[in-house]
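Notes to accompany the following structure.
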Amino acid sequence: MTSFDELQGLAAELAAELRPHAMAVDAGAVPDIPALDVIRDIATPPQYRDSDLPKCAELYTETCLARTAANIELSRGDAGVLNICRAPSLAGLAVDALGSPSQQEAFYRVLADERPWTFFGMTEPECGSDATAMKTLLDKDFRLHGAKKYVANAARGGIGVVFARTGPTPLSIRAVVVRNPSPGYTGRALTMFGLRGAALGEMNFDGIEVGREALLGAHLPASRRGLWGIARTFNVMRLQIGAQALGVALAISDYVHALRPQWKTLMTTRLEAARELLLDCADDVDNDPDDRRAPSIGKLHATNLAVETARWASSALEPGALLEHPLLEKWCRDVHAFEFMDGTSTIQRLTIGTGHDDN
């Protein structure tokens, strides 16, 4: 058995510990689950971990392929519970890509000492996923002004990364580390239909003083700061969203087939094919980190198929089955959230189409 297989097996074991808490998290609880501590450590770069893990766990932070494979299995347990994990998440990827060694050390020290939730502020109320149109401003005194929306852990997060303008050009979009609470910071949770464990919300910045040391990428050339410097990170995170969507879809399929064990449906084959496609796309990112098409292809297919799987489940069972099976009903709600994360399906199609002539 390879280390990759061992990592998938470890993720599947941890997923089994997440599922019993799915309905409680959907109702708003934040239970203490030992498996989440292990997942948090797995998602932390090895040099900042404070516990011993199996050797295979090191693969998670080394390759997009390993991270994607593990997240499929973890989300097959329950993506909502996975999203209450106090892990580095997207903020950690941003700090890894743009932070200096001292900034990375400071960020991960906070995570080790305080165990906070993290947030990643990019999307804005008026311009959505169009990052180049953002209006949030970091002024010359290093004070943050503006707002973000649809941000995981916006209200409860203790530390995160927020993108803002320092000037009018795309090169002036920069990332800063923000702490909560801070004077001028307000966060509010949004009412959610599904994936409630993610605690999506909105945040407002009324002149938050972040300080020069919080500005990420100052040690990098201008072309590698801000949006340009984190472009490869977006490719990785896009596939993780696809992995979570596919994991929930596989859980739905498992549930339906447990109720109808005699069935051998086409949906099972389609989901396994989607897994292979998603892993192929992750491998492409490892081999060509600047390829924007592969992550969009993987995310687009996985999220669309997840929604289709939910519709299939409700039609495959008897009328009213979702009322009789609340966990299945929850998953059928959860899958709709992923399509709107890190760019809607329309944005993914534009990315795929724009890059078509490159090959």
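The values are calculated or read from the model by the stated rules, or taken from the named source; none is laboratory data. As the structure is a prediction and not an experimental result, all values here were calculated from the model. No Cβ is skipped: glycine too gets one built from the backbone with ideal geometry, and neighbour counts run over all protein chains shown. These area figures cover heavy atoms from the full protein model, side chains too; ligands, DNA and RNA do not enter into them. Shrake-Rupley method; radii C 1.70, N 1.55, O 1.52, S 1.80 Å.
Accessible area per residue (1.4 Å probe, heavy atoms of protein chains only) ranks T354, T191 as T191, T354, with the largest value leading.
Here each label is just a point 7 Å from Cα along the line to Cβ, and for A189 and E272 those points are 4.0 nm apart.
Could you tell me the calculated FRET efficiency between V30 and R143, based on Cβ-Cβ distance and R0 = 41 angstrom, to the nearest 0.05? Calculated transfer efficiency: 0.80.
Rolling a 1.4 Å probe across all protein chains gives T44 an accessible area of roughly 10 Å².
Which order do you get for T169, T265 if you rank them by accessible area with a 1.4 Å probe, largest at the top?
Working: T169 70, T265 30 Å².
Descending order: T169, T265.
Which FRET efficiency, nearest 0.05, do H336 and F4 yield, Cβ-Cβ r, R0 22 Å? It comes to 0.10.
Residue ranges 314-322, 106-114, 72-80 sort as 72-80, 106-114, 314-322 when ordered by packing (mean number of other C-beta atoms within 10 Å per residue, highest first).
Ignoring ligands, DNA and RNA, please state the percent of accessible area on the chain from carbon and sulfur, probe 1.4 Å. Working shown, then result.
Numbers: 8490 of 15750 Å².
Looking at the chain in its full context, I get 54 percent from C and S.
At full extension, L350 and M23 could sit 114.1 nm farther apart than now, given 0.36 nm per residue minus the alpha carbon distance. Once you reduce the range 297-359 and the range 1-73 to the center of their Cα atoms, the two points are 23 Å from each other. Put simply, the amide H of E124, placed in the peptide plane, has neighbours under 5 Å in K149, leaving out anything fewer than 5 places away on its chain.
Hey, with R₀ at 45 Å, roughly what FRET efficiency would S314 and S100 work out to, going by the Cβ-Cβ distance, to 0.05? The partial results should precede the final answer.
On the way: r = 50 Å, r/R0 = 1.12.
Result of the calculation: an efficiency of 0.35.
About its Cα centre, the dipole of the range 179-251 is roughly 260 debye, where the only charges are +1 on Lys and Arg Cβ and -1 on Asp and Glu Cβ.
Within the full protein context, the accessible area of K55 is estimated at about 150 Å² for a probe radius of 1.4 Å.
Between the entries (i) 88, 47, 37; (ii) 66, 49, 42; (iii) 93, 69, 37, the label attached to Cα extents along the principal axes in Å calculated for this structure is (ii).
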